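Encoded as C-alpha cells, the structure appears first; notes follow it.
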Amino acid sequence: MLVSSDNKSHHHAGVMELVDVVDSKSTAGNSVPVRVRPPAPGKRTETSKSSVLFLINLETEHRFSFFGELLMKQNRVWLFVIGAIAVLSLASLILIHFLKQTGDKVEIYQDGALIHSLPLNQDKTIRIPSENGGYNVVTIKQGEVWVSEASCPDQVCVRHGPTCETKDPIVCLPNKLVVQVTHTDREPLDGVTQ
C-alpha cells in the first residue's frame, strides 16, 4: 500500500489533506483519493501508520464484499442448475412409470420367426433348442416371464430377470432368441417390423 500526497508543503494540525491510496498488489494501479487529517508534527509516524492501516482495511473489506457478492450469484446459478436437473429427472421417472405397459401374452421368436405365443397368466416352462446346438429355458410364472437357463456364454438373457412389460424384451443373441411380452390385440412381429 503506497500513500502519496498532493500537498507536500507544511502540514497544519486540523487541516485535511488529500491522499491517494494505492494497493501495491493491484495490477491496474488504481488509487482511491481519501481525505485524512495529518498528525501533529511529533506523532506523524504513528498516526500515518494507523490511517494507512484503516484505509487498507476499508479497501480489503470492499474487495471481499465484491467477491462475496459474485460468489453468491454463482451459487444461485449452480443451485438453479442443480434444481432444474432434479426436477427433470423426477419428471422423467414419473413419465416412465406411467408409460409402462404390462402385457397379457408372451411371444417367443427364434431367428425372426414366431415359434410360440402363450398366455402370461398360465405357468409354464419351455426348453427351446437352437440351430447352433444351444438352448434356452423360458419360464412363465405368476404373470412374469424370464429365461431361467441358457447355454450361451454371456448369460445376458438369464441375468435380464423376470418381466411383464411390453417395452422390455429378453434377447439371447447367440441362440437368436427374443422373448416379447405383448397384448392379445396386437399383431405378432414379422421380420421387417422386428
Taking the range 90-130 on its own, how many of its residues are assigned to a loop (DSSP other than H, G, I, E, B), under 39 Å from the mean Cα position of the chain (by Cα) and either surrounded by fewer than 16 Cβ atoms within 10 Å (Cβ to Cβ) or among the acidic types (Asp, Glu) (or both)? 3
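Here is a yes/no grid of residues against (1) surrounded by 13 or more Cβ atoms within 10 Å (Cβ to Cβ); (2) touching a residue at least 40 places away in the same chain (Cβ under 8 Å); (3) closer than 14 Å to Pro119 by Cβ; (4) among the charged types (D, E, K, R):
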position: Asn132; (1), (2), (3), (4): no, yes, no, no
position: Lys141; (1), (2), (3), (4): yes, no, yes, yes
position: Glu149; (1), (2), (3), (4): yes, no, no, yes
position: Asp154; (1), (2), (3), (4): no, no, no, yes
position: Thr166; (1), (2), (3), (4): yes, yes, no, no
position: Lys176; (1), (2), (3), (4): yes, yes, no, yes
position: Val181; (1), (2), (3), (4): yes, yes, yes, no
Does the range 78-93 contain any residue that is at pLDDT 85 or above and within 20 Å of Cys164 (Cα to Cα)? yes
Take Val158 and tell me if it is more than 16 Å from Tyr109 (Cβ to Cβ) and either buried (at least 17 other Cβ atoms within 10 Å of the Cβ) or without any contact (Cβ under 8 Å) to a residue 60 or more places away in the chain (or both). yes
Could you please give the count of residues in the range 132-150 that are modelled with pLDDT of 95 or more and in a loop (DSSP other than H, G, I, E, B)? 0
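The values are calculated or read from the model by the stated rules, or taken from the named source; none is laboratory data. Keep in mind it's a predicted model, so treat the numbers as computed, not measured. Methodologically, a virtual Cβ is constructed for each residue, glycine included, from the backbone with ideal geometry; neighbour enumeration extends over all protein chains shown.
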